[in-house]
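Worksheet for the structure shown next.
The values are calculated or read from the model by the stated rules, or taken from the named source; none is laboratory data. These numbers come from a predicted model, not from an experiment. Ideal geometry is used to build each Cβ from the backbone, glycine not excepted, and the neighbour counts take in all protein chains shown. With ligands, DNA and RNA removed, areas are computed over all heavy atoms of the protein, side chains included. Shrake-Rupley method; radii C 1.70, N 1.55, O 1.52, S 1.80 Å.
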Amino acid sequence: MVRTASRNVGKYTSTHKSRKRNIHRPRPRPTRTIVTRSQCLTVGCFFHRLPSEVYHMILDKMSMLEISIFSMVSKEITRSVVEYISTLAWKNKTIIQSFHHSTCPEQRSTIGHYRDLGLLFKRSTLLQPTKDRLKFIFSEFSQVPCFRLEQCLKPDCVGFLSYGVFLQTLIAGWDELECHRVFNFVCDLTNLLQKIEIVVTGKPGVRWYQKLQLRLFCRQVLLDPWSNQMDTQFWLMQLLKPWPLVSQAHLLLTLYGPLLPEGTLGWQDLVERGLPHSALWDLARAILLLFSKLEVQGQNTNSLVAIFKELIVIPQPWHVENVARLLVLCGSSLCYTILASKAVNGRLLEISRLIVYIILVCEKDGYHMSWAVKMVQNLCKVFSTPPERFGFIQQLENMFSDVTREFFEFSVTGNQPEDRETFQSLCILLDSSARFHTKFLHMFLK
């Protein structure tokens, strides 16, 4: 009985102790099955476990926009995307070499393709220094013939347009210092400054193909893709800055001067006949960009006046109507600046002739005559004494008579089409003279 009791006590004691241990034993935590993206990448991402061929097959199924977003997930993903777009297979498939399309939808598709490419390269190279980014990106495109100056002769080529959209998308939002580096890189890559020097120092009418190629490259790649005028202004200033004023005027006319219907530069027409405002609007817009830059920075406008004077004698002194129309298109502020600089130097004959043609342009192109009247009124204030102001008005009235006589004499010499145009201009001049003097006298009678 004693043994039995001791055996029972032992059993009870053992059972009690085991229950006590079970109560205080901590429960095991469940195994973690969710892994964050950062943890995944540190230990080896799922994509990195795949063979490169399979990984590239996955990327092949994605659009360029999707790949560009995917490349920003992590540094490892960025590195793998850069490796992918560096492969020869991807380049051959994605970097379009043909830019000669006959239909607008095809052209728009190609340009949109290069816009997406610009976004892909912008995002996938985000972590690299600017110099390395440019070296890598442009090494992919430098051998495309339609992206290079004087390499493509097709008139319907959209290579420069595609290149410009790509570059604009790539560097949108970059600060001015980085854009300076881009400009210098593009100049070194294309020998752009050397090509500009050859064009601006050559004789007018010579190297017309080089001039046209330079115009297309600078306009479609560097200047026109920007919707913000400040950006266009920056690139225009970079192109003009290295050159003296005479060469700047020559380059401005090369980039923005009138084009003939067959695509050649129409400089001789500036000398021989009056051109419509559409032929001079691009040039006026470029001059206004430069003028606004000077106004914003508070700089002297003498350099711009000098450029304008050089501009209107290339290749020879322009037809006066073209000079007048360009001044009207440039607006009141710049027009007054140019005319006032001539007034200060006592060039009354030249001012009077220009004003008569400005009045003629206002009548032809539908501008309100009060604009010309106000311009003459402001010019009168340049002259400090009443006799000087009277001499200016008298010279202006005499010029009306001289120009009217010239038009009449030219119109009665023959029966050629240009003679009929001159007679029509004579009639318009008479009407504009009447309107001008009506407004002018009304101003003094108020």
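Summary table
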{"quantity": "Surface share of carbon and sulfur [accessible, 1.4 angstrom probe, percent] for the stretch 226-380", "calculated": "55"}
{"quantity": "R0 of 56 Å, Cβ-Cβ distance E76-Q229: FRET efficiency to nearest 0.05", "calculated": "0.85"}
{"quantity": "P(r) tail fraction, the stretch 240-314 - alpha-carbon pairs more than 21 Å apart, %", "calculated": "27"}
{"quantity": "Rotationally averaged projected area of the stretch 53-124 (alpha carbon convex hull; nm²)", "calculated": "4.9"}
{"quantity": "Kirkwood-type radius of the stretch 309-415, with distances r between different C-alpha atoms, in Å", "calculated": "14.6"}
{"quantity": "Cα point-scatterer Debye curve for the stretch 169-249, base-10 log of I(q)/I(0) at q = 0.14, 0.16, 0.21, 0.26 Å⁻¹", "calculated": "-0.49, -0.64, -1.06, -1.48"}
{"quantity": "Percent carbon-and-sulfur accessible area, the stretch 74-188, ignoring ligands, DNA and RNA, probe 1.4 Å", "calculated": "53"}
{"quantity": "Two-decimal Rg to Rh for the stretch 35-179 - Kirkwood Rh, Cα set", "calculated": "1.01"}
